[in-house]
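Asker: Dropping a structure here in structure tokens format, bear with me for questions.
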Amino acid sequence: MIVSRRETVIGRVLLVLLMAVTVVPFISLFVTALHPAGTYPSGLSWPESPQWGNFAHAFQAAGMGRLLLSSGLIVLGVVPVSLLFGTMAGFAFGHLRMPGHRIGFVIFLLGLTLPFEGIITPLYYQVRDMGLLNTRWAIILPLIGLFMPFSVVWMRAHFATMPEDLSEAARIDGAGTWQLFRRVHVPLAGPALSSLAILLFLWTWNQFLLAIVLVDDPAKRTMAGALGAFQGQWGTDIPLLCAGSLLILVPTLTIFLIFQRRFVAALLQGSIKG
Amino acid sequence: MSHPGTGRRGTRARRPRGAWIGWLFAAPAIIVYATFVLRPLLLTVQYSFYDWNGIGASTWVGLDNYRRLVTDSELFATILHAFELILFFSLIPVLLGLFVAATIRGIAQSRLATVARTVLFLPQVIPLVAAGIMWSWLLSSTGLANELLSAVGLGGLTRAWLGDFGTALPAVGVIGAWVLVGLCTLLLLAGMSKIDPALYEAARLDGAGPVREFRSITVPSLRQEIGVCVTVTVIAALASFDIVYVATQGGPGNRTMVPGLEIYYLAFSEREVGMASALAVALVVLVLACVLPLQRFTRDGSR
């Protein structure tokens, strides 16, 4: 490729600038979290005596242990079931292609663009009538439903590319439809499934609207919902708020840094298909 | 909607693909989707024709809620604000992303670019609420933004950006742009890696400069990726909630009130369920009206 030296330099400078803009808010959050509680530090200044204890304090004030458990439970409730249902339906629409599959699929496709605010009001009354308000089920069950369009569209895209011959061969060997699904197609869907799992995990963990509307007790919410409550409670104590926010970010950031390749790939594909 | 099992044994012999059994596989997804999405969606439409406080009896008011939506300037302003946010959530990230991606195309394989790929993704991984909290602090009267302005001698411009009537909405927009610019850059960069390098070589040999190259090769080849970026960011702008909720709560006055937040307040604070539902229907329709034409645009480009 012909690229002039000047362009390379400009490219590097631009990239570093963009990275700086991305990272500075995180650094500002970190530095501010080290200032003495209750002060109003200005901008990016390193405190005279860093208050590492702020993190411990915020950990307790936010009840981080319970929050982690709560978010974990919600993720466990949402992700495996969504994966299973999404995969089964994706298999049906992408591979079995039963009569009327087109209409069924289009109904899911239209759900892709639906803003959650569009259904939140009746959802509140529905969840209340089911007696689930203020329980984790109030977040888990609606989220599974709301993730269906994406999960189904995603998995259908995978199954649509699988060759027919594969199924023909299994059929000749006497496999029923369920066995064909379970023994042949699911094992081959690994990469598509793991990317979907990453996306669903992230979207569940960061879900805010459902958490604040359907669950009053921050200890039963998702991480993002708990952060909202934390801000309401400690919003005036800036260093403590910053310490708490950072702590709440740690789990996702850690998982992201460990699985970053998969994450980036999943998110890029996710937005293309979504 | 589904017809699980009906006559599947009879048809299976003739239709080796399993015919109706497919609906059995799709049934769990259809049931949860219908219960927790389609049913509430239809109820939203139904509620929007009523005046209801959420507790007592409801009265049929026909299209009154919709009439109020277009005549009540405060409510209609929320929709205008959402469109104003598109400038920041979509236009800036896509243009900036295009520019940056085109500039760094030559060094896309370098180690710096690999690091950048991780760093630029950070805003996508954190909850929007956290982005809102970080930026409320950066944009506050003693925050970094003002400190930088003072440092370069523009101290006169300093203000509480999110609390000022004139700057609150753009400030919210900047937060959204920060979240989305990395995603757009990387999506576009990934798209560029698929363009045949021979095209660029040919252009260079014909004496085309970077600008010409950008206009004649890069942008047309990225039609699909640009469409995706615009779709994702436009939805994010129109349906924005988390960032506004945390950063401004719709204030000062109603300067940053967006449809999502207004629905939340109407339904759960002011107990105007009918009005909230009408606004929700408008929001859903608005998103579809903006996004569906974009799909056609990208499809045509790729086929």
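Asker: Any chance the stretch B:84-99 includes a residue that's without any contact (Cβ under 8 Å) to a residue 60 or more places away in the chain and within 30 Å of B:Glu201 (Cβ to Cβ)?
Answerer: There is at least one residue in the stretch B:84-99 that is without any contact (Cβ under 8 Å) to a residue 60 or more places away in the chain and within 30 Å of B:Glu201 (Cβ to Cβ).
Asker: Shifting gears a bit: Given the criterion under 18 Å from B:Val32 (Cβ atoms) and in contact (Cβ under 8 Å) with a residue 40 or more places away in the chain, identify the matching residue among A:Phe159, A:Phe116, A:Phe181.
Answerer: Of the residues listed, the single one that is under 18 Å from B:Val32 (Cβ atoms) and in contact (Cβ under 8 Å) with a residue 40 or more places away in the chain is A:Phe116.
Asker: For the structure I just gave you, tell me whether B:Thr233 is in contact with a Cys (Cβ under 8 Å, 6 or more places away or on another chain), surrounded by 20 or more Cβ atoms within 10 Å (Cβ to Cβ) and either more than 9 Å from chain A (Cβ to nearest Cβ) or in contact (Cβ under 8 Å) with a residue 40 or more places away in the chain (or both).
Answerer: Yes.
Asker: What tally of residues in the stretch A:55-78 results from selecting those that are surrounded by fewer than 24 Cβ atoms within 10 Å (Cβ to Cβ) and either part of a helix (DSSP H, G or I) or within 14 Å of another protein chain (Cβ to nearest Cβ) (or both)?
Answerer: So the count comes out to 16.
Asker: A further question on this structure: Can you say whether A:Ile120 is crowded, with 21+ Cβ neighbours inside 10 Å, at the interface with chain B (Cβ under 9 Å from one of its Cβ atoms) and of a type in the set (A, V, I, L, M), as far as the supplied structure shows?
Answerer: So A:Ile120 passes the test.
Asker: Something else about it: Take the stretch A:254-268 and flag every residue that is within 8 Å of chain B (Cβ to nearest Cβ) and either surrounded by fewer than 15 Cβ atoms within 10 Å (Cβ to Cβ) or in contact with a Ser or Thr (Cβ under 6 Å, 6 or more places away or on another chain) (or both).
Answerer: A:Leu257, A:Gln260
Yes or no, residue by residue, for (1) surrounded by 22 or more Cβ atoms within 10 Å (Cβ to Cβ); (2) facing chain A (nearest Cβ under 8 Å); (3) in a helix (DSSP H, G or I):
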site: B:Thr256; (1), (2), (3): yes, no, no
site: B:Gly260; (1), (2), (3): yes, yes, yes
site: B:Ala267; (1), (2), (3): yes, yes, yes
site: B:Met275; (1), (2), (3): yes, no, yes
site: B:Ala278; (1), (2), (3): yes, no, yes
site: B:Leu283; (1), (2), (3): yes, yes, yes
site: B:Leu288; (1), (2), (3): no, yes, yes
site: B:Gln295; (1), (2), (3): no, no, yes
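Asker: While we're looking at this one, here's another question. Step by step: first the residues of the stretch A:205-232, then only those that are more than 11 Å from chain B (Cβ to nearest Cβ) and assigned to a helix (DSSP H, G or I), then the one that is surrounded by the fewest Cβ atoms within 10 Å (Cβ to Cβ). Which residue is that?
Answerer: Filtering the stretch A:205-232 for residues that are more than 11 Å from chain B (Cβ to nearest Cβ) and assigned to a helix (DSSP H, G or I), the one surrounded by the fewest Cβ atoms within 10 Å (Cβ to Cβ) comes out as A:Ala219.
Asker: Among the residues of the stretch B:219-226, are any surrounded by 21 or more Cβ atoms within 10 Å (Cβ to Cβ) and not in a loop (DSSP other than H, G, I, E, B)?
Answerer: Yes, because at least one residue in the stretch B:219-226 is surrounded by 21 or more Cβ atoms within 10 Å (Cβ to Cβ) and not in a loop (DSSP other than H, G, I, E, B).
Asker: Would you point out which residue out of A:Pro50, A:Pro25 is in contact with a Leu (Cβ under 7 Å, 6 or more places away or on another chain) and modelled with pLDDT of 90 or more?
Answerer: From the options A:Pro50, A:Pro25, the qualifying one is A:Pro25.
Asker: Still on this model: Residue by residue through the stretch A:233-274, note down the ones that are of a type in the set (D, E, K, R) and part of a helix (DSSP H, G or I).
Answerer: Matches in the stretch A:233-274: A:Arg261, A:Arg262, A:Lys273.
Asker: Do we have any residue at all in the stretch A:47-54 that's more than 7 Å from every other protein chain (Cβ to nearest Cβ), in a helix (DSSP H, G or I) and either farther than 30 Å from A:Ala192 by Cβ or in contact (Cβ under 8 Å) with a residue 60 or more places away in the chain (or both)?
Answerer: yes
Asker: Hey, among the residues in the stretch A:15-46 that are part of a loop (DSSP other than H, G, I, E, B) and touching a residue at least 40 places away in the same chain (Cβ under 8 Å), which one's surrounded by the fewest Cβ atoms within 10 Å (Cβ to Cβ)?
Answerer: Out of the qualifying residues, it is A:Gly38.
Asker: Looking for whichever is more than 12 Å from chain A (Cβ to nearest Cβ) and closer than 30 Å to A:Glu7 by Cα here; the options are B:Ser110, B:Ser73, B:Ser90. Which one fits?
Answerer: Exactly one of B:Ser110, B:Ser73, B:Ser90 is more than 12 Å from chain A (Cβ to nearest Cβ) and closer than 30 Å to A:Glu7 by Cα, namely B:Ser90.
Asker: Continuing with the same structure: Can you tell me how many residues within the stretch B:173-208 are facing another protein chain (nearest Cβ under 8 Å) and outside any helix (DSSP H, G or I)?
Answerer: So the answer is 0.
Asker: How many residues are outside any helix (DSSP H, G or I) and either within 19 Å of A:Pro191 (Cα to Cα) or in contact with a Gly (Cβ under 6 Å, 6 or more places away or on another chain) (or both) if we restrict to the stretch A:87-100?
Answerer: Number satisfying all stated conditions: 1.
Asker: Which condition number does B:Leu42 fail, the rest of (1) at pLDDT below 95; (2) part of a helix (DSSP H, G or I); (3) within 14 Å of chain A (Cβ to nearest Cβ) being met?
Answerer: Condition not satisfied by B:Leu42: (1).
Asker: Restricting the search to the stretch B:142-168, which residues are surrounded by fewer than 23 Cβ atoms within 10 Å (Cβ to Cβ) and in contact (Cβ under 8 Å) with a residue 60 or more places away in the chain?
Answerer: Residues satisfying the conditions are B:Gly163, B:Asp164, B:Phe165.
Asker: Just to be sure I understand, how many residues within the stretch B:129-164 are facing chain A (nearest Cβ under 7 Å) and either closer than 16 Å to B:Val174 by Cα or in a helix (DSSP H, G or I) (or both)?
Answerer: 10
Asker: Exactly one of these conditions fails for A:Ile103: (1) of a type outside the set (Lys, Arg); (2) crowded, with 17+ Cβ neighbours inside 10 Å; (3) part of a helix (DSSP H, G or I); (4) modelled with pLDDT under 95. Give me its number.
Answerer: For A:Ile103, the failing item is (2).
Asker: Now a separate question. Those residues that are among the polar types (S, T, N, Q) and surrounded by fewer than 16 Cβ atoms within 10 Å (Cβ to Cβ), I need them from the stretch A:168-183; list them, please.
Answerer: Across the stretch A:168-183, the qualifying residue is only A:Gln179.
The values are calculated or read from the model by the stated rules, or taken from the named source; none is laboratory data. This structure is a prediction, so every number in the text was calculated from the model and none was measured. So basically every Cβ, Gly included, is an ideal-geometry build from the backbone, and we count neighbours across all protein chains shown.
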